[in-house]
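Asks: Before I ask anything, here is the structure I am working with.
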Amino acid sequence: MKIIPALKKHGSNITILVLVMTTLILSFSIYNSSQIKRLSGNSFGQLGQTEREMEKAYRKDLRDFLCQAGFSDSGINMTKTVNLGERPDETAALSYTVAIYHRKISELSADELSSLLTDIVEIDLPIAGSIVSYKFM
């Protein structure tokens, strides 16, 4: 029972210590959170509205081509992977995987599929340094 007199004597000091520790922990947590957002903002800020518009225009061009090639109502799934550079001043490397879904595509011969892929590759995604790979489903 020696603890209770010690708490009475030092209780306010313990309360202050707990409040200071809580404040420090919250401060570091908020600081780290803002650093992560800042890093993400810088990295992904480079991939702004212009790139999104280019991606949208690319999907439209691809959809129009597929429609003209006889694959109307094709499903197009475009997945973007951003590889952040190790240094903050490096630009992010973008790679895209474009999956194209259509029943008729699965029925094509290897030569026809190769020819279709050759034509699709000619549709350029105008984002510098981006890599595009294709899958047919």
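Readers should treat all values here as calculations from the given coordinates under stated rules, not as data from a laboratory. Because the structure is a prediction, the values reported are computed rather than measured. Every residue, glycine as well, gets a Cβ built from its backbone with ideal geometry; the counts of neighbours run over all protein chains shown.
Asks: Rounded to whole Hz and in sequence order, give me ³J(HN,Hα) for region 114-131 from the Karplus expression 6.51 cos²θ - 1.76 cosθ + 1.60, θ = phi - 60°, writing x for Gly and Pro.
Replies: Each residue's phi maps through the Karplus curve to give 5, 5, 4, 5, 4, 5, 5, 4, 5, 6, 8, 8, x, 9, 4, x, 7, 10 Hz.
Asks: Something else now. Within region 49-87, which GluC sites (Glu not before Pro) sit in a loop by DSSP and count at most 10 neighbouring Cβ atoms inside 10 Å?
Replies: Passing both the DSSP loop test and the Cβ count: 86.
Asks: Hey, rough spin-label estimate for residue 104 and residue 59, points 7 angstrom out along Cα→Cβ, what's it come to in nanometres?
Replies: Between residue 104 and residue 59, the label points sit 2.2 nm apart.
Asks: Now for a separate question. Just to check I understand the Karplus step: with θ = phi - 60° and J = 6.51 cos²θ - 1.76 cosθ + 1.60, what whole-Hz values come out for region 93-108, glycine and proline as x?
Replies: Listing the rounded values in order: 8, 10, 10, 10, 10, 10, 9, 10, 10, 6, 4, 5, 5, 5, 8, 6 Hz.
Asks: For region 49-136, just run the numbers: alpha carbon Rg, then divide by 2.2 N^0.38 Å, N being how many residues it has.
Replies: Details: Rg = 14.6 Å, N = 88, 2.2 N^0.38 = 12.1 Å.
So region 49-136 has a normalised radius of gyration of 1.21.
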